[in-house]
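See structure below.
Please treat every number below as a calculation from the coordinates, not as lab data. The shown structure was predicted, so the numbers you read here are calculated from the model rather than taken from an experiment. For neighbour counting, all protein chains shown are included, and Cβ atoms are generated from backbone atoms with ideal geometry for every residue, glycine included.
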Amino acid sequence: MIDPVHALSLHQLTKTYANGKVALKGISLHVEQGEFFALLGPNGAGKSTTIGIVASLVRPSGGLVTVFGERLDQNPYGVKQMLGVVPQEINFNPFEKVEHILYTQGGYFGLSRLELRDIVEHLLHILGLADKRQQQAKALSGGMKRRLLIARGLVHRPRLLILDEPTAGLDVELRLGLWGFLEELNRSGTTIILTTHYLEEAERLCRQVAIIDHGEIIANAAMRSLLDQLDSEVFVLYLCEPLAVLSSLGDFGVKLVDPRTLEVCVGRDQNLNDLFALLAARGIVVHSMRNKQNRLEALFTRLVGIGEQAQPATRQVAV
Amino acid sequence: MNQVVLKPLRQVFWHAFWAIAAKETRRYTRIWIQTLVPPAITMTLYFLIFGHLIGSRIPQIDGVSYMAFIVPGIVMMAVITSSYANVTSSFFGAKMNRYVEEMLVAPVSNNVILLGFVCGGVGRGLLVGLVVLLIALCFTHLPMTHWLVTLSVIFLTAVLFALGGFINAVYARKFDDIAIVPNFVLTPITYLGGVFYSLHMLPPFWRGLSHLNPVVYMVNAFRYGMVGVADVPIGLAYGILLLTIAVFYFYAWRLLRDGVGLRG
């Protein structure tokens with residue numbers, strides 16, 4: 001049952017809250033060491049409860065949590081030393097100075113000021129907070145607050161980092177910067193578990209993914225193999241010349257959204273070369289194209305049974 | 001980034017305790033206008049009105065001037081209020097703004113959390129007590145008869161009310177909840193705790209009733225340490241203080257262990 005190979009193991013984890021709400025129905029999950037793991041699910045699916053249990057903020061009703069082979073119920077202090085948590089909500093003392101927040105958090109993990117000096121300096125610089133060190137946290141911008149949360153989660157150099165919506169509310173530039181930082185962190189050996197509503201973020205960063213819904217794991221696989229389950233993808237094509245009517249395009253499902261925009265469903269057994277050959281044969285010139293929906297998003301909506309009405313009329317994305 | 005090596009728990013707890021205590025100290029010194037100045041002003045007014053203006057017309061009590069008689073009680077009032085308020089507001093703030101989670105996700109034991117917050121409350125209580133005492137010295141001479149009793153009683157009282165503040169903060173769900181106990185419990189028992197009068201001045205029924213008030217023992221033990229007079233046995237005062245601290249500590253620790261208001 002206890003597997004030291006895994007960074008995190010959840011075994012038959014259950015949680016029923018005092019109000020009777022069943023949040024987790026016996027989930028089991030393994031995250032390999034060095035993994036960049038996505039834990040996805042719609043609101044209320046059980047993600048936060050799962051993270052809360054691992055972080056010791058929520059008491060499980062049953063089941064077992066192990067972190068690098070240490071059982072949370074038997075060695076909570078040892079597990080906590082290996083774990084870093086970056087919450088979704090800003091939850092530091094707004095009146096504390098940035099530097100103090102990091103030193104205090106390091107102290108909670110048993111690090112002296114001397115030990116913390118280099119670590120705090122490194123984090124402040126790498127996360128762009130060095131010139132804000134003496135500012136009260138409340139004076140930081142939203143993006144800086146989010147980076148301070150990440151710095152705080154890393155100050156004790158955890159082996160396993162759990163990020164709950166780390167880029168929520170960040171602009172594109174900050175988000176891209178943070179992605180690069182997290183990828184580098186993962187390359188240096190830190191196992192990362194990410195929950196996010198930005199599915200392109202999960203697709204870009206994570207190699208493994210689990211999807212949780214109604215307190216149960218409904219998918220758990222490598223990102224690549226999960227995406228391969230998509231039967232089809234819908235592409236939006238922007239045309240150079242307007243099109244009044246459109247006859248069929250072979251076996252491709254098509255829909256003319258407006259005279260300059262075409263939606264085409266490309267099945268797993270089809271390819272874009274054939275599509276463009278058919279378009280060229282009809283004298284249709286494509287200016288640009290994009291996926292109508294992020295691939296992981298398409299899979300996600302299918303798996304959790306939401307947003308099906310939003311799918312194109314041509315062909316449903318199926319797993 | 002280098003990976004962490006697990007540290008011995010004793011070392012973790014030691015640094016964690018100082019991290020909490022330092023954070024608490026930073027808090028009440030950062031907002032000194034709210035934490036140190038108001039009690040100083042209030043207690044100065046007490047000294048002026050009760051001690052100087054009215055007290056000059058009151059004869060000595062147990063061979064001590066009225067001003068010298070009330071100083072220990074007023075210092076004690078300041079210590080009780082400050083140590084209680086510090087932990088209540090700090091822990092409640094941490095809970096409401098959820099930065100208490102910083103500690104809950106860290107390898108910090110419940111004892112360390114409790115001791116860290118109590119240390120903050122005691123620190124503020126004793127600092128305010130010192131300020132009030134220095135002000136009192138502008139009005140009267142204090143012989144400091146038994147300094148060891150003085151220091152130990154003031155320290156234990158600050159510990160006790162810091163623990164009380166912690167329990168209040170754990171149960172509090174809104175800001176009103178942290179004002180109820182100070183307004184409706186602490187203020188009455190402190191004013192009726194023999195700060196301004198000797199129990200011998202009361203009718204027998206009220207004198208007997210006063211012996212049920214724990215603050216009476218603290219004020220009198222402190223007064224004994226400073227001016228050498230008391231209405232209660234000092235040993236009993238220590239016993240009540242230590243017993244109450246033990247009960248409050250165990251209760252607060254259990255609240256933390258059970259995650260009351262903290263863990264889902």
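Screening chain A for DSSP H helices whose Cα atoms reach 15 Å or more along their own axis and whose mean Kyte hydropathy is at least -1.0 gives A:98-108, A:113-126, A:142-154, A:172-187.
The mean sequence distance of close C-alpha pairs (under 8 Å, at least 6 residues apart), as a share of the length of chain B, puts its relative contact order at 25 percent. Along chain A, counting only trypsin sites (Lys or Arg not before Pro) with a DSSP assignment other than H, G, I, E or B and at most 13 other Cβ atoms inside a 10 Å radius, the longest segment between sites is A:22-267.
Do any chymotrypsin sites (Phe, Trp or Tyr not before Pro) in region A:90-146 lie in a DSSP loop with no more than 16 other beta carbon atoms within 10 Å, and if so, which?
A:Phe95
Backbone phi angles across region B:201-213, fed through the Karplus curve with coefficients 6.51, -1.76 and 1.60 (θ = phi - 60°), yield HN-Hα couplings of 7, 8, x, x, 4, 5, 5, x, 5, 4, 5, 7, 8 Hz in residue order; Gly and Pro are listed as x. Counting only other residues whose beta carbon sits under 11 Å from that of B:Ser198, what net charge do I get with K and R as +1, D and E as -1? That works out to 0. With the charge dipole of chain A set up from +1 on Lys and Arg Cβ and -1 on Asp and Glu Cβ about the Cα centre, the Cα lying farthest toward the positive end among the listed residues A:Leu116, A:Asn273, A:Ile284 is that of A:Leu116. Look at the dipole of region A:6-108 built from charges on Cβ: of A:Val22, A:Ala38, A:Ile90, the Cα furthest out on the positive end belongs to A:Val22.
In summary, the lysines within cross-link reach of A:Lys138, defined as a Cα separation below 26 angstrom excluding same-chain residues under 8 places away, comprise A:Lys97, B:Lys23, B:Lys95, B:Lys174. Helix screen, chain B: DSSP H segments with Cα axial length of 15 Å or more and mean Kyte-Doolittle hydropathy at least 1.6 are B:110-136, B:147-171.
Which whole-number percentage describes the relative contact order of chain A, with Cα contacts under 8 Å and a sequence gap of 6 or more?
Numbers: 577 pairs, mean separation 59.6, N = 319.
Over chain A, the number comes to 19 percent.
By the rule of a C-alpha distance below 18 Å, with chain neighbours fewer than 8 residues away ignored, the aspartates and glutamates paired with A:Lys21 are A:Asp213, A:Glu216. Within region B:115-216, the trypsin sites (Lys or Arg not before Pro) that combine a DSSP coil assignment with at most 15 other C-beta atoms in a 10 angstrom radius are B:Arg173, B:Lys174. Considering helices alone, the calculated mean residue ellipticity of chain B at 222 nm is -22000 deg cm²/dmol, with DSSP H runs of length four and up weighted by -39500 (n - 2.57) and normalised per residue. The spacing between region B:24-90 and region A:128-181, judged by their C-alpha centroids, is 45 Å.
A straight Cα-to-Cα reach below 17 Å connects B:Lys7 with the lysines A:Lys80, residues fewer than 8 places away in its own chain not being considered.
In deg cm²/dmol and to the nearest 500, what is the mean residue ellipticity at 222 nm of chain A if only DSSP H runs of at least 4 residues count, each as -39500 (n - 2.57), divided by the residue total? Walk me through the intermediate numbers first.
On the way: 10 runs with 100 residues, N = 319.
It lands at -9000 deg cm²/dmol.
Here is the list for region A:1-43: chymotrypsin sites (Phe, Trp or Tyr not before Pro) lying in DSSP coil, each with at most 14 other C-beta atoms within 10 angstrom of its C-beta, are A:Tyr17.
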